[in-house]
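Before any comments, here is the structure.
The values are calculated or read from the model by the stated rules, or taken from the named source; none is laboratory data. These numbers come from a predicted model, not from an experiment. Glycine gets a Cβ as well: all are built from the backbone with ideal geometry, and neighbour counts include every protein chain shown.
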Amino acid sequence: MSLDVPAIRAQFPIFERKINGKRLVYLDSAASSQKPQPVIDAMVQVWTHGYANIHRGLYTLAEEATAAYEDARAKVARFINAADVGEVINVRNATEGINLIAYSWGEANIHPGDRIVITEMEHHANIVPWQALARRKGAELAYIPVTDDGLLDLDVVPSLLDDGRTKLVACSVMSNVLGTLPPVTHVAEMAHAAGAIVVMDAAQSVPHRSIDVQTLGADFMAFSGHKMCGPGVGILWGRRDLLEQMSPFLYGGDMILTVKQQESKWNELPYKFEAGTPAIAEVIGLGAAVDFLSGIGMAAIHEHEQQIVAYAMNRLSEVPELEVIGPGPTERGAVVSFWLPAAHPHDVAAILDEEGICVRAGHHCAQPLHDRFCIPASARASFYLYNDNHDVDVLVEGLHKVVRLLGR
Ligand SMILES: Cc1ncc(COP(=O)(O)O)c(C=O)c1O
């Protein structure tokens, strides 16, 4: 099942570029992935030959654009095994998807004294909307702690659920810092047994492994197209019965059935949640990204990344004083965050950049998690289908250079 990485890289025009005269070693796909030619072509095709606004025009171009847009939605629905396409809502990004739930579901269902439970390993996108909701409603925001090994401390969960006050549990399917893959389906079972709904942040999972929303255990799931070889759009998937009960998030054109001077009726799903003109070419580009990933095979991508992350963790252990945060390779996806006591992560990233290596440095939008590990920031290497062991070797050489320059 191994991937033909040179053939895959050849489909990404960016890899023709040199950075500082060096081969581009792109290790920041957890922030945003690179784009293959078929995705670029699909968007150029819309803009050059097939663009018009959707769902309104009664002419050929508009009908073609509408069909392409809805076809992309159907591809995404199949990709995550949604029971019906009406459950797949196009949004700007994962962040907007989570905010949509926090407003449309949260405003009606969270009351003073209720509890919202999240985890210490969340991205700010899955923290701040719940903080704001809890504050608006006089609810409590509680955290499932993370162990020293970077796993969820599940022993604490019953005490957060037993009193029946918890109405919503939100957790990441994979941590963008630790790479941890928490047992989300088990967490969902516990949450459901306690009467809470479950929101899953799958921004780091849908691009890397096959996800089936009918067995995952989520009631809502959000992810971003730009991390899965696609453009800047996002998807919110939700259970039809819940989406139908909810009020719209944004109001305006396209999300209505009828409008009178003083009142309106909402459109059916998914349009009720898609107010205004959407990112038409980008949604169609996401459909092309789904085709591209499916053509390679999510199982093969996942297996490839498991091999790379195991190789990377092994090789990183050769770098003096380097500390990896998070669990071992079998319990994580292809993300490795690390800390070198003698070098600030910003300096690590700047020195690696001289070698053509792109890593992320900072708190990766996960400040509470860095506080938990008592470090202000970390450097992060993340891997995708276009990376190989050679990229890891170049990274390790680069880190030896960092140690030579800045080490004690
Ligand atoms: C786990 C996780 N959740 C949410 C997000 C937010 O994604 P976006 O910025 O596309 O909304 C990210 C982005 O890095 C992420 O890693």
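Some values worked out for this structure:
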| item | result |
| --- | --- |
| Considering residues of the range 212-261 that are in a loop (DSSP other than H, G, I, E, B) and within 13 Å of the ligand (Cβ to nearest atom) only, the residue nearest to residue 186 (Cα to Cα) | 228 |
| Hits in the range 155-177 (condition: closer than 22 Å to residue 109 by Cα and outside any loop (DSSP other than H, G, I, E, B)) | 157, 158, 159, 160, 161, 166, 167, 168, 169, 170, 171, 172 |
| Filter result for the condition that a residue is over 16 Å from residue 29 (Cα atoms) and not acidic (Asp, Glu), over 381, 377, 349 | 377 |
| Test: residue 120 is acidic (Asp, Glu), more than 16 Å from the ligand (Cβ to nearest atom) and over 17 Å from residue 269 (Cα atoms) | no |
| Cross-chain or 6+ apart pairs with Cβ under 6 Å, the range 240-263 first and surrounded by 13 or more Cβ atoms within 10 Å (Cβ to Cβ), then of a type in the set (D, E, K, R) and assigned to a helix (DSSP H, G or I) | 240/87; 248/272; 255/272 |
| Selection status of residue 372, within 24 Å of the chain's Cα centre (by Cα), closer than 23 Å to residue 310 by Cα and among the charged types (D, E, K, R) | no |
| Options 207, 158, 183, 231; residue that is surrounded by 24 or more Cβ atoms within 10 Å (Cβ to Cβ) and outside the structural domain of residue 378 (by TED's automatic domain parsing) | 207 |
| Some residue of the range 62-76 being within 16 Å of the ligand (Cβ to nearest atom) and either among the aromatic types (Phe, Trp, Tyr) or not assigned by TED's automatic domain parsing to the domain that holds residue 399 (or both) | yes |
| Breaking point among (1) surrounded by 13 or more Cβ atoms within 10 Å (Cβ to Cβ); (2) outside the structural domain of residue 85 (by TED's automatic domain parsing), for residue 314 | (1) |
| Candidates 309, 319, 348, 336 - the one that is part of a loop (DSSP other than H, G, I, E, B) and at pLDDT 95 or above | 319 |
| Residue list for the range 78-99, restricted to those being assigned to a helix (DSSP H, G or I), within 16 Å of the ligand (Cβ to nearest atom) and out of contact with any Pro (no Cβ under 9 Å at 6 or more places or on another chain) | 94, 96, 97 |
| First in the range 289-317 and touching a residue at least 24 places away in the same chain (Cβ under 8 Å), second anywhere and aromatic (Phe, Trp, Tyr) and assigned to a helix (DSSP H, G or I), Cβ under 7 Å, 6 or more apart | 290/79; 294/79 |
